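**Q** The structure follows.
The values are calculated or read from the model by the stated rules, or taken from the named source; none is laboratory data. Bear in mind that the values here come from a model prediction, so they are computed numbers and not experimental data. Cβ placement follows ideal geometry from the backbone for every residue including glycine, while neighbour counts extend to all protein chains displayed.
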Ligand code: RNT
Ligand code: ZN
């Protein structure tokens, strides 16, 4: 994009926003500081490097776009490249299946930070925080789709140990990087058809989680552990052990976090409506910003109404320190790096737009009972020149403005991805 027109756009936008009492420079600064965690698993279709070559657990990546990262080095290179197009405070969200065993015979129940040393060194070098996830899928110790709630004691034991190891690894990440490591516990456990012993599976899940979180020497401040709920998965349509009520209840009772994934609810339910509700009884929540299309299809995050409402809720309620924002989707139908760039840029754009709103004035109108004015202002905001502020923000943060990033992705595709 032409620098001169970006600057002209910025000047115009600055005036337009000043007229409604908004300081665009302050908005950019605040939007830039909110951490957004980028999920490593978009780069390789959630396969990982610890032995599996396919994905299960009720989730699925569709598409066969060329250039999937096949090694940790390729994935790190892709992430490095993607980050040149992604402005703002960024973290990297790793899954345990991205362990690099270096030829050692070690399984998920015994992983230590040693299997993540390369990731940790990379994070240090790039001055980026790490988040983490136990991987309760794509592994021979899964009992079908069951892990922590399996009726088999040896299966439960293995996965309990995995859960404990992940907290230890997260603790090492937090200590070495000097920032909180957020760990998301998602277990696909559930049945395709009607379950009879619905209580039994949940009793076992609770007992397993109790063991994982028994060690109180690892604090939630350093390692923020959160339970992710879900309505259903592919092949797990009828009964999910860690349902919404289950996970939220366990989190509140046991001082853990709760993860709201945008694709895990009935199609007309939105997580933006749930954030302030769950934060009445929880200190903090984690978000998996995703986009379900009819079902939990994990489409790339689009700049749609729901994304905007999610960011509005965080910013307008001053929840920045109480919400961990992470992305969670996996699309293999289009260029995987473009998926990162588009989703991460959209998340940041929506954050910026939330800060660009005259929320205090809208709130005041609401409290006065002038709901007409509130609605009029809410609608007017949609055609304010937020895009011009975004382009200026990109220009001043050394990342491509507008669609300039696409050309770079095409070049990387020709030079690197097409040779894989
Ligand atoms: C699955 C959950 C979970 C996974 C990742 C890979 O439905 O959303 O968060 O997508 O852990
Ligand atoms: Zn998720």
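**Q** How many of the residues in segment 203-242 are surrounded by 20 or more Cβ atoms within 10 Å (Cβ to Cβ) and within 14 Å of residue 147 (Cβ to Cβ)?
**A** Counting residues in segment 203-242 that are surrounded by 20 or more Cβ atoms within 10 Å (Cβ to Cβ) and within 14 Å of residue 147 (Cβ to Cβ) gives 13.
**Q** Please count how many residues of segment 235-247 are in a loop (DSSP other than H, G, I, E, B) and within 15 Å of residue 185 (Cα to Cα).
**A** So the answer is 3.
**Q** Let me ask another. Residue 190 - would you say it is under 23 Å from residue 328 (Cα atoms), surrounded by 21 or more Cβ atoms within 10 Å (Cβ to Cβ) and more than 22 Å from the chain's Cα centre (by Cα)?
**A** In short, yes.
**Q** What single numbered condition from (1) touching a helix residue (DSSP H, G or I) at 6+ places or on another chain (Cβ under 8 Å); (2) away from ligand 2 (no atom under 16 Å from the Cβ) fails to hold for residue 262?
**A** (2)
**Q** For segment 248-293, which residues satisfy the criterion of being assigned to a loop (DSSP other than H, G, I, E, B) and either free of Cβ contacts under 8 Å to residues at least 12 places away in the same chain or over 27 Å from residue 214 (Cα atoms) (or both)?
**A** 262, 263, 264, 265, 266, 267, 268, 269, 270, 274, 280, 290
**Q** Just to be sure before I move on: is residue 300 more than 14 Å from ligand 1 (Cβ to nearest atom), at pLDDT 95 or above and in contact with a helix residue (DSSP H, G or I) (Cβ under 6 Å, 6 or more places away or on another chain) in the structure I sent?
**A** no
**Q** So, in segment 76-106, how many residues would count as being on the phi < 0 side of the Ramachandran plot and free of Cβ contacts under 8 Å to residues at least 12 places away in the same chain?
**A** Result for segment 76-106: 3.
**Q** A follow-up question, please. With respect to the numbered conditions (1) assigned to a helix (DSSP H, G or I); (2) over 23 Å from residue 49 (Cβ atoms); (3) in contact (Cβ under 8 Å) with a residue 40 or more places away in the chain, which one is the sole condition not fulfilled by residue 203?
**A** (3)
**Q** Taking only pairs six or more apart or across chains, which ones have beta-carbon atoms under 6 Å, a first residue in segment 182-196 that is more than 30 Å from residue 90 (Cβ to Cβ), and a second residue that is away from ligand 1 (no atom under 12 Å from the Cβ) and outside any loop (DSSP other than H, G, I, E, B)?
**A** So the pair list comes out as 189/146; 190/239; 191/239; 195/239.
**Q** Then there's this: For segment 34-45, does any single residue satisfy the condition of being out of contact with any helix residue (DSSP H, G or I) (no Cβ under 7 Å at 6 or more places or on another chain), part of a loop (DSSP other than H, G, I, E, B), under 24 Å from residue 146 (Cα atoms) and in contact (Cβ under 8 Å) with a residue 60 or more places away in the chain?
**A** yes
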